[in-house]
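The values are calculated or read from the model by the stated rules, or taken from the named source; none is laboratory data. Keep in mind the model is a prediction, meaning the values are calculated, not measured. Cβ sites come from the backbone with ideal geometry, for glycine too, and all protein chains shown count toward neighbours.
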């Protein structure tokens, strides 16, 4: 800093930034250090928290895989082709992201609970209402737009001429995608998957509506936090929160690491 | 033989309208035109990336208009190389042969052959991101040539390179063309590439082919103001042609090579005009008195503006300039042969 000519504006903006960063750190440390370490460890190892960790990981991994599976072809179509209704479709795909998760949850509950499609799915053995399957569906529905957006912009960043060259070298459209565009998009897809997965782990509102909050049945980490908080078992709630904080920090780091390294060819 | 027969293609702001070209076997054919002339669409349509709205494309007698790109056996090389960044040089070159499910030993042999041809054998294990522009373009050429394409399309292959590398690779292209005998269609906006490489040239503007011919022909006998301007004809005059083989331009009457009656344009290259302080013998030439307006050195050449009732631009070599011994303000004589004055009807190939 130029000491002869101090800028008060600069000092003020930096001070606000410092203040807010301190606030964030204090909030997080407050959660993690609330319980004595021995109690925290005991809770982390309890059957209920272990169940929540397992359920959260299984549901979020499956819903992330589903998001990738759907987002890749959809994002490719939106990035590469022109077709009637594309603009409207682009907008529709983003709606679940802007929607409050509780509203998405109500919609899903009605769709799978009372609509003819939902009823026939349930009759065929695919029951989403108040089941772990519902958690996966809720995470998928709410998080798909995030995966879609990252994937679409990744594909848009790959010059279509790479595919043109691949085609002159004997590739079909699908082979050009598989051998050229997809590997060139690997970093972007990885970053998108990490962010989608971490959002899946934290998903609460839509899952609460569709899958309910049943202890040891649909109890994911955020639901465990909610259930234990409302029944006064603060130290269990803290344990769930601690794990969620760790996951958030690690996945944010991974996203920055791989997302930041994404080459735009 | 590559035949483009009345091809139309519209793609937003770029288009092709009624493009017809016949490109012979083993020919090195250059398509020249400014940015936006539709040159890249032309190549991508030949390659099969786009299908034409109308017209046909034939390759060695086979109608390939509706054949997908992967079955055309036409190679494509872009200005920006478009090497697959996730593959080594070796895998880039082998990419096409793997698509064809060729035998690994065959692939290795072919790859070695084209790596040797392009002098890139020492780069096979590198990734494209670590190569210089010139090296990348060699790899891109090898990747296309290893397929032994029936035609090779080059989209401004030298434009992204620095001057020195560009000259080297230009020489290489000529050598490769000679060695492989591949029919090449090369597009560029740079006239320099034409004389070193092209058997024939087509000039494009706004999706139209305006003139096709040998480089010398296009250079000396442009058929329109646009081509004349593009190839650097600086003396362009409007005049009135007579059937006796002369054209009246202002107060001057000049003998010309190809007499056309009516309103015409006359194109005279600045280096075809001779200057001297004393009246030179006519010997069938056009000789006009004038006055030097400006003398401007430009690299190895001297550019002189002469007023002779109409303004002439003359380019002299340094030696020619010293022999003429002229300075601005001198009275001089201009002389040029009738064959240097190329005439075409006014308004030919004007944009509608």
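General remarks:
- Which listed residue, of A:224, A:198, is away from every other protein chain (no Cβ under 14 Å), touching a helix residue (DSSP H, G or I) at 6+ places or on another chain (Cβ under 8 Å) and within 18 Å of residue A:34 (Cβ to Cβ): A:224
- Test: residue in the stretch A:119-129 that is surrounded by fewer than 22 Cβ atoms within 10 Å (Cβ to Cβ), closer than 26 Å to residue A:192 by Cα and away from every other protein chain (no Cβ under 11 Å): no
- The set of residues in the stretch B:58-77 that are closer than 23 Å to residue B:107 by Cα and in contact with a helix residue (DSSP H, G or I) (Cβ under 8 Å, 6 or more places away or on another chain) comprises B:69, B:70, B:72, B:74, B:75, B:76, B:77.
- Matching residues, the stretch B:192-208, being crowded, with 18+ Cβ neighbours inside 10 Å and closer than 26 Å to residue B:340 by Cβ: B:193, B:194, B:197, B:198, B:200, B:201, B:202, B:203, B:205
- Just one of the listed residues (A:244, A:223, A:227, A:252) is surrounded by 22 or more Cβ atoms within 10 Å (Cβ to Cβ) and assigned to a helix (DSSP H, G or I), namely A:223.
Residue by residue, here is whether (1) assigned to a helix (DSSP H, G or I); (2) within 14 Å of another protein chain (Cβ to nearest Cβ); (3) on the phi > 0 side of the Ramachandran plot; (4) buried (at least 20 other Cβ atoms within 10 Å of the Cβ) holds:
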| site | (1), (2), (3), (4) |
| --- | --- |
| B:22 | no, no, no, no |
| B:31 | no, no, no, yes |
| B:41 | yes, yes, no, yes |
| B:44 | yes, yes, no, yes |
| B:50 | no, yes, no, no |
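- Every residue from the stretch B:229-246 that is more than 18 Å from residue B:313 (Cβ to Cβ), touching a residue at least 40 places away in the same chain (Cβ under 8 Å) and assigned to a strand (DSSP E or B): B:241
- Within the span defined as the stretch B:142-155, one or more residues are more than 25 Å from residue B:57 (Cβ to Cβ) and in the same structural domain as residue B:97 (by TED's automatic domain parsing).
- Checking residue A:116 against (1) within 14 Å of chain B (Cβ to nearest Cβ); (2) more than 24 Å from the chain's Cα centre (by Cα), the condition it does not meet: (1)
- Candidates A:191, A:166, A:176, A:186 - the one that is within 14 Å of another protein chain (Cβ to nearest Cβ), modelled with pLDDT under 95 and farther than 30 Å from residue A:114 by Cα: A:186
- Top-ranked residue in the stretch A:154-163 [being more than 7 Å from every other protein chain (Cβ to nearest Cβ) and assigned to a helix (DSSP H, G or I); ranked as surrounded by the most Cβ atoms within 10 Å (Cβ to Cβ)]: A:154
- A single entry from A:128, A:141 fulfils the requirement of being assigned to a helix (DSSP H, G or I) and touching a residue at least 24 places away in the same chain (Cβ under 8 Å): A:141.
- Flag for residue B:216 being surrounded by fewer than 19 Cβ atoms within 10 Å (Cβ to Cβ) and not assigned by TED's automatic domain parsing to the domain that holds residue B:314: yes
- Meets criteria (part of a helix (DSSP H, G or I) and in contact (Cβ under 8 Å) with a residue 40 or more places away in the chain) for residue A:41: no
- Across the stretch A:78-93, the number of residues qualifying as without any contact (Cβ under 8 Å) to a residue 60 or more places away in the chain and surrounded by 15 or more Cβ atoms within 10 Å (Cβ to Cβ) comes to 1.
- Residue match in the stretch A:201-215 (condition: outside any helix (DSSP H, G or I), assigned by TED's automatic domain parsing to the domain that holds residue A:110 and free of Cβ contacts under 8 Å to residues at least 24 places away in the same chain): yes
- Helices (runs of 4 or more DSSP H) enclosed by the stretch B:58-169 - at least 1 residues per element that are within 9 Å of chain A (Cβ to nearest Cβ), without any contact (Cβ under 8 Å) to a residue 12 or more places away in the chain and surrounded by fewer than 19 Cβ atoms within 10 Å (Cβ to Cβ): B:89-99
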